[in-house]
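I have placed the structure first, in the form of structure tokens, so that the comments after it can refer back to it.
The values are calculated or read from the model by the stated rules, or taken from the named source; none is laboratory data. No experiment lies behind these values; they were computed from the predicted model shown. Here the Cβ is made from the backbone with ideal geometry for all residues, glycine too, and neighbour counts use every protein chain on show.
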Amino acid sequence: MEIYPSFTVSERLAKLAQEAQDQAAEQFARIEANQRWNQQKMLHAFQKARVSESYFAASTGYGYGDRGRDALDEVYAAAFEAEDALVRYNFVSGTHALTVVLFGVLRPGDTVLCATGTPYDTIQGVFGLPGREEPGSLKDFGVVYEQVDLLPDGTPNYEELDREIGKDCKMVYIQRSRGYSLRPSLSVAEIERLARFAKQKAPDCIVMVDNCYGEFVEREEPTAHGADLMAGSLIKNPGGGVAPTGGYIAGRHDLVELCAYRLTTPGTGRELGCTLGHNRELYLGAFHAPYVTGEALKTAVFASALFQRLGFAVTPRPEEARADIIQAIELRTREALIAFCRGIQKASPVDAFVVPEPSPMPGYDSDVIMAAGTFTLGSSIELSADGPLREPYAVWMQGGVNYPSGQLGVLLAAEEMAT
């Protein structure tokens with residue numbers, strides 16, 4: 001395997017890299033087939049919404065009559081096969097979009113049941129879980145949180161769910177991605193099974209999916225298979241590496257409307273909100289999203305194949321079907337985790353000279369190390385890697401807007417660990 005001379009990779013590692021890429025060829029072919037399908041679906045969504053250059057114009061003030069803002073909602077709704085969508089640059093994170101959903105549709109006295117175990121660190125404070133009772137949490141507003149842990153193999157525990165889902169359950173909450181855990185991410189088929197099961201037990205419940213990292217990985221989304229709502233971040237998959245910020249909510253029209261009332265004010269909802277010239281970036285990012293997601297998936301599969309050859313436990317394995325763009329690697333030691341992240345940083349187009357160090361981070365209960373030399377701060381569709389400094393010292397790698405640079409990042413991470 002040829003490597004540009006400015007980057008140092010041992011002959012042994014280059015040989016293993018070629019073997020890993022050869023091993024991944026069949027998986028790459030499946031990814032590229034989905035990539036083509038989803039890219040054509042996105043083109044159809046743009047054409048269905050009759051996107052025009054005039055939609056890229058900026059609006060100010062209240063933003064009344066911003067046609068570009070409204071048509072972008074239509075694009076995402078069509079791409080996600082949902083009744084409606086709410087796409088805004090002023091969602092500050094995926095957690096913010098999820099929070100707007102939770103506060104938009106839940107009321108005091110309602111019960112929300114998390115069907116996928118303890119949720120991701122940053123959302124725990126929103127629910128007000130023990131030890132994370134933040135001011136203004138759902139707990140403060142009288143929303144009852146219940147949880148069913150996953151089985152030891154990381155799959156949903158239907159026997160326990162059968163006991164816990166009552167007819168008065170207002171929401172069943174599903175986290176698609178693994179978060180900082182080693183459990184498998186949930187496929188659309190598994191989410192559909194969960195949704196069907198929940199509706200049998202509580203016909204009026206709202207099935208809500210945290211879809212972060214999962215968009216465009218498969219040919220269809222949870223909203224086409226039983227989910228009433230889903231939400232995510234535009235600096236992950238659906239922003240295509242172009243959107244500078246933002247998030248989305250998609251699903252049933254009536255529920256999306258409630259979320260719009262929470263984002264702005266009751267009665268005005270989605271009618272307000274200027275775009276300040278961000279529309280072009282959001283449209284361009286959406287159009288590129290299916291292709292970029294495929295490139296990130298190829299980077300993850302290559303990393304899985306290479307580090308498996310280097311003797312590390314990886315999840316998913318190279319040949320496994322994927323439900324998100326995240327690749328977890330158990331590096332076993334603190335030093336290896338730090339070295340991996342430093343190698344990823346060295347392959348970055350931005351701040352490649354920076355040396356990542358573990359540090360405390362709001363929303364997390366241990367020091368975290370992060371590598372991300374990205375054009376957009378915190379963008380995890382661009383190549384990045386991070387992990388908490390705790391057993392089993394696993395790293396969670398994601399992103400790579402194009403496979404050649406993503407592949408090089410993985411190689412430099414392995415090389416840094418060897419030095």
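Could you go through region 345-366 and let me know if any residue there is in contact with a Pro (Cβ under 8 Å, 6 or more places away or on another chain), without any contact (Cβ under 8 Å) to a residue 40 or more places away in the chain and at negative phi. Within region 345-366 (the criterion being in contact with a Pro (Cβ under 8 Å, 6 or more places away or on another chain), without any contact (Cβ under 8 Å) to a residue 40 or more places away in the chain and at negative phi), the answer is yes, since at least one residue qualifies.
The residue list Ala49, Ala115, Ala85, Ala29 contains one member that is under 16 Å from Cys259 (Cβ atoms) and either outside the structural domain of Leu150 (by TED's automatic domain parsing) or touching a strand residue (DSSP E or B) at 6+ places or on another chain (Cβ under 7 Å) (or both), which is Ala85.
Just one residue in the set Thr95, Thr116 is in a loop (DSSP other than H, G, I, E, B), under 21 Å from Ser185 (Cα atoms) and touching a helix residue (DSSP H, G or I) at 6+ places or on another chain (Cβ under 9 Å); that residue is Thr116. The single condition from (1) more than 24 Å from Val209 (Cβ to Cβ); (2) in a helix (DSSP H, G or I); (3) of a type in the set (Gly, Ala, Ser); (4) not assigned by TED's automatic domain parsing to the domain that holds Gly400 that Gly343 fails is (4). For Tyr76, the test of being surrounded by 18 or more Cβ atoms within 10 Å (Cβ to Cβ), in contact with a strand residue (DSSP E or B) (Cβ under 7 Å, 6 or more places away or on another chain), over 23 Å from Leu377 (Cα atoms) and among the aromatic types (Phe, Trp, Tyr) is passed. The requirement of being touching a Gly at 6+ places or on another chain (Cβ under 8 Å), over 24 Å from Glu190 (Cα atoms) and in a helix (DSSP H, G or I) is fulfilled somewhere in region 139-148, by at least one residue. Scanning region 383-396 for residues that are under 19 Å from Thr122 (Cβ atoms) and not basic (Lys, Arg) returns Ser384, Ala385, Asp386, Gly387, Pro388, Leu389, Ala394, Val395, Trp396. On the given criteria, is Tyr213 in a loop (DSSP other than H, G, I, E, B) and either modelled with pLDDT of 95 or more or surrounded by 21 or more Cβ atoms within 10 Å (Cβ to Cβ) (or both)? Yes, satisfied.
Taking each residue of region 383-404 that is closer than 12 Å to Ile344 by Cα and modelled with pLDDT of 95 or more and looking for partners that are part of a loop (DSSP other than H, G, I, E, B) and among the hydroxyl-bearing types (Ser, Thr, Tyr) with beta-carbon atoms closer than 6 Å, six or more apart or interchain, yields Gln398/Ser380; Gly399/Ser380. Taken together, the residues in region 391-419 that are closer than 14 Å to Ala328 by Cβ and surrounded by fewer than 19 Cβ atoms within 10 Å (Cβ to Cβ) amount to 2. Test Pro135 against the criterion of being assigned by TED's automatic domain parsing to the domain that holds Glu215, free of Cβ contacts under 8 Å to residues at least 60 places away in the same chain and either more than 20 Å from Ile191 (Cα to Cα) or in contact with a Cys (Cβ under 6 Å, 6 or more places away or on another chain) (or both), and give yes or no. It is true that Pro135 is assigned by TED's automatic domain parsing to the domain that holds Glu215, free of Cβ contacts under 8 Å to residues at least 60 places away in the same chain and either more than 20 Å from Ile191 (Cα to Cα) or in contact with a Cys (Cβ under 6 Å, 6 or more places away or on another chain) (or both). Where helices (runs of 4 or more DSSP H) sit wholly within region 1-86, those with at least 3 residues that are touching a residue at least 40 places away in the same chain (Cβ under 8 Å) and within 30 Å of Leu411 (Cα to Cα) occupy 11-23, 25-48. Exactly one residue out of Ala289, Ala227, Ala231 is buried (at least 24 other Cβ atoms within 10 Å of the Cβ), in a helix (DSSP H, G or I) and touching a residue at least 12 places away in the same chain (Cβ under 8 Å), and it is Ala289.
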